[in-house]
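See below for the structure under consideration.
The values are calculated or read from the model by the stated rules, or taken from the named source; none is laboratory data. Everything quoted here is computed from the prediction, not taken from an experiment. Please note: Cβ atoms are built from the backbone with ideal geometry, for glycine as well, and neighbour counts cover all protein chains shown. SASA here: full protein model, heavy atoms, side chains in, ligands and nucleic acids out. Shrake-Rupley method; radii C 1.70, N 1.55, O 1.52, S 1.80 Å.
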Amino acid sequence: MLDLNFVRSHVEVVEEKLRQRGMDPAEVLRDFRTLDAERRKAITELETTKSRRNRASEEIAKRKKAGEDASSLMAETKELREQIQELEKAAAGYETRLQEVLSGIPNLPSDSVPPGKSAEENLEVRRWGTPPKFDFVPKPHWELGEQLGVLDLERAAKLTAARFAVYWDLGARLERALANFMLELHTGKHGYTEVLTPYLVNSDSMYGTGQLPKFAADLFRVPHGDKDLWLIPTAEVPVTNLYRDEVLDDARLPISLTAYTPCFRSEAGSYGKDVRGIIRQHQFQKVELVKFVRPEDSYHQLEKLTNDAEEVLQELGLHYRVVALCAGDMGFSAAKTYDIEVWLPGQQLFREISSCSNFESFQARRANIRYRPDGKNKPEFLHTLNGSGLAVGRTWLAIMENYQQADGSVLIPQALRPYMKVDRITPKKF
């Protein structure tokens, strides 16, 4: 969420940043100016009326002490008390409506974000490695998975619905191996602390990271008594909210956490897209990286977090590129985002495998996560960052497509063989 005082004082800047995102400022800001003015007017009138009541109460006390008649002042204080109640109600109503508007304003793109309104205008930053060469036509992962007997979409649909997957034998082991490999790399080499969180969170947690109220249709809601719980769309939600409503010591920063969780997304509005294979699933697994940092360090930490995620692909020998998202292609809460896209030879294209974002103070303000800078008494909002390190399912399919062999088997990258205990996947039926 943006700071109210900032929006009030820099409305023109906010409007221009919204245009950079391809949004209509009038639709996003709605009646912000009117609500803000009416709220401030109601608060001023409220404080003035309270002062009048207090002075009248003091005068009543004096008159009673002197044995004088105070009935007229007592009648006046009764009227003032009723006015105060109405003004408090009006101010609260304006505050609620104003917060609704503020909660619907996306984060403002950093000045370093490339201009543009769609993915076609994203800026490639760098590439690593080269695409594998085949003396045969490479297959997509859904064909390989079925032929090898390790990916079963038909039975998953029988169990649940479309866009779910069953992994068999070495397919399941590959998923687990990838998660273990990523976690050990990030904790052992990059200094992250592993955390295991619940997979269901409350509405406050979803609000804190920006999923609610705007993106409720993209989530799976679970009614629970008189409240709702939500299946997490990413570990970013519970991990970031670990410090909700807390003040952290400056000496603890930066805090770097990693978590392996399932992720649940309804994919509302995406039907008809990526229907084959496991590119876009309602449930998938991911290793997430989350950072809590000092504001002055956050862009340096974004580069480091992105490099940490890249190293997974480097260790696995997978060709990829890093893309800086343009303003119009960024997520709601992000101030700057890098996408890491892995090469998939079976489909002859790059696919996103990680998004690494700096949210600046946007999430921290929504979730009230602060720190006390060294030498200062007043807490300030810190900056949060997160990125996939990596999406396990998409890494799984990238290995299947990049390491496929002419005989139909799939080689296991050297980095995963200690976890897999085999050097290749060969056909098997279940």
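If you put +1 on each Lys and Arg Cβ and -1 on each Asp and Glu Cβ, how big is the dipole of segment 23-161 around its Cα centre, in Debye rounded to 20?
Values: 24 positive and 27 negative charges, 142 e Å.
Using only the charged Cβ atoms, the result is roughly 680 debye.
Residue by residue through segment 399-416, what is 3J(HN,Hα) from phi via Karplus (6.51 cos²θ - 1.76 cosθ + 1.60, θ = phi - 60°)? Round to whole Hz and write x for glycine and proline.
5, 4, 6, 7, 10, 5, 10, 4, 7, x, 7, 10, 6, 9, x, 3, 5, 9
Starting from 0.36 nm per residue, how many nanometres of slack lie between GLU267 and ALA162 once their C-alpha separation is accounted for? Present the calculation step by step, with values, prior to reporting the outcome.
Values: separation 105, 0.36 × 105 = 37.80 nm, distance 1.17 nm.
Result for the pair: 36.6 nm of gain on full extension.
What list of ³J(HN,Hα) values in whole Hz, one per residue of segment 43-60 in order, does the Karplus curve 6.51 cos²θ - 1.76 cosθ + 1.60 (θ = phi - 60°) give from phi, with Gly and Pro shown as x?
So the J values, rounded to whole Hz, are 5, 4, 5, 5, 5, 4, 5, 4, 5, 4, 5, 5, 5, 5, 5, 5, 5, 4.
Could you work out how much longer the chain between ALA172 and ARG276 gets when fully extended? Use 0.36 nm per residue separation minus the Cα distance between them, nm to one decimal.
Numbers: separation 104, 0.36 × 104 = 37.44 nm, distance 1.92 nm.
35.5 nm is the gain from fully extending ALA172 to ARG276.
Which FRET efficiency, nearest 0.05, do ASP423 and LYS189 yield, Cβ-Cβ r, R0 22 Å? Don't skip to the answer; put the middle values down first.
Numbers: r = 24 Å, r/R0 = 1.09.
So the FRET efficiency works out to roughly 0.35.
Evaluate E = 1/(1 + (r/R0)^6) for GLU59 and LYS89, where r is the Cβ-Cβ distance and R0 equals 22 Å; express this FRET efficiency to the nearest 0.05.
On the way: r = 27 Å, r/R0 = 1.22.
The pair GLU59/LYS89 has a calculated efficiency of 0.25.
Please get the size of the charge dipole for the chain, origin at its Cα centre, with Cβ charges of +1 on Lys and Arg and -1 on Asp and Glu, quoted in debye to the nearest 20.
Values: 60 positive and 64 negative charges, 125 e Å.
Around 600 debye, computed over the chain.
Where does the charge balance sit around LYS421 when Lys and Arg score +1, Asp and Glu -1, over other residues with C-beta under 13 Å from its C-beta?
Values: positive: ARG173, ARG176, ARG417, ARG424; negative: ASP169, ASP423.
With Lys, Arg at +1 and Asp, Glu at -1, the net is +2.
Given the rule -39500 (n - 2.57) for each run of at least 4 DSSP H residues, summed and divided by the residues of the chain, what is its mean residue ellipticity at 222 nm, to the nearest 500 deg cm²/dmol?
Details: 14 runs with 175 residues, N = 430.
So the calculated ellipticity at 222 nm is -13000 deg cm²/dmol.
Determine the share of segment 115-174's accessible area contributed by carbon and sulfur atoms, expressed in whole percent, with a 1.4 angstrom probe. Walk me through the intermediate numbers first.
On the way: 2100 of 3830 Å².
The computed percentage sits at 55.
Between ALA217 and GLN414, what is the label-to-label distance in nm when each label sits 7 Å out along the Cα-to-Cβ direction?
Between ALA217 and GLN414, the label points sit 5.0 nm apart.
What is the distance, in nm, between label points placed 7 Å from the Cα along the Cα-to-Cβ direction at GLU100 and at LEU123?
The answer from the label model is 3.8 nm.
Take every DSSP beta bridge with both residues inside the chain and express the antiparallel ones as a percent of the total, to the nearest 5. Walk me through the numbers before you get to the answer.
Details: 54 of 59 bridges.
The antiparallel fraction comes to roughly 90 percent.
Build a GNM of the chain with springs between Cα atoms under 10 Å: which of HIS383, HIS186, HIS224 gets the top mean-square fluctuation?
HIS224
Residue by residue through segment 204-211, which ³J(HN,Hα) values in whole Hz follow from phi under the Karplus form 6.51 cos²θ - 1.76 cosθ + 1.60 (θ = phi - 60°), with glycine and proline marked x?
So the J values, rounded to whole Hz, are 4, 5, 5, 5, x, 9, x, 6.
Got a sec? Which residues in segment 42-61 would a label at GLU76 touch, if it sits 7 Å along Cα→Cβ and we count backbone N under 12 Å?
Label zone hits: 52-61.
Computed from these coordinates, which is log10 I(q)/I(0) by the Debye sum over Cα atoms at q = 0.07 Å⁻¹: (i) -0.44; (ii) -0.29; (iii) -0.34?
Calculated log10 I(q)/I(0) by the Debye sum over Cα atoms at q = 0.07 Å⁻¹: the matching label is (i).
Put +1 on the Cβ of every Lys and Arg and -1 on every Asp and Glu Cβ in segment 294-426; which of LEU325, ALA309, ALA367 then has its Cα farthest towards the positive end of the dipole?
ALA367
Relative to the Cα centre, what is the charge dipole magnitude of segment 289-383, using +1 at the beta carbon of each Lys and Arg, -1 at the beta carbon of each Asp and Glu, and rounding to the nearest 20 debye? Kindly include the intermediate steps, with their values, before the conclusion.
Numbers: 12 positive and 14 negative charges, 125 e Å.
That gives segment 289-383 a dipole magnitude of about 600 debye.
Can you find, among ALA37, VAL290, LEU108, the residue sitting farthest towards the positive end of the charge dipole of the chain, where Lys and Arg contribute +1 and Asp and Glu -1 at Cβ?
So the residue we want is VAL290.
At a threshold of 8 angstrom on Cα-Cα distance, excluding pairs fewer than six apart, so keeping six or more, what relative contact order does the chain reach in percent?
For the chain, the relative contact order is 20 percent.
Quick one: with all protein chains in place, what share of the accessible area of segment 199-270 is carbon or sulfur, to the nearest percent (1.4 Å probe)? Please report the intermediate quantities before stating the final value.
Working: 1680 of 3250 Å².
Roughly 52 percent of what the probe reaches on segment 199-270 is carbon or sulfur.
With a 10 Å cut-off between alpha carbons and a GNM built on the chain, which of ASN202, ASN122, ASN107 moves the most?
ASN202
With a probe of 1.4 Å, find how much accessible area the chain has per residue, and write the answer as a whole number in Å². Write out the running numbers ahead of the final one.
Numbers: 20640 Å² over 430 residues.
Heavy-atom SASA per residue in the chain reads 48 Å².
On the accessible surface of segment 366-416, probed at 1.4 Å, how many percent belong to carbon and sulfur atoms? Display every interim value, and only then the final one.
Values: 720 of 1720 Å².
That fraction is 42 percent.
Please list, by residue number, everything in segment 359-378 whose backbone N is under 13 Å from a paramagnetic label point 7 Å out along Cα→Cβ of ASP297.
Under cut-off, by backbone N: 371-374.
Based on the Cβ-Cβ distance of GLN314 and SER112, what FRET efficiency does E = 1/(1 + (r/R0)^6) give at R0 = 22 Å, to the nearest 0.05? Could you put the intermediate results ahead of the total?
Working: r = 25 Å, r/R0 = 1.12.
My answer for the efficiency is 0.35.
Most mobile of GLU79, GLU380, GLU27 per a Gaussian network model of the chain (Cα springs, under 10 Å)?
GLU79
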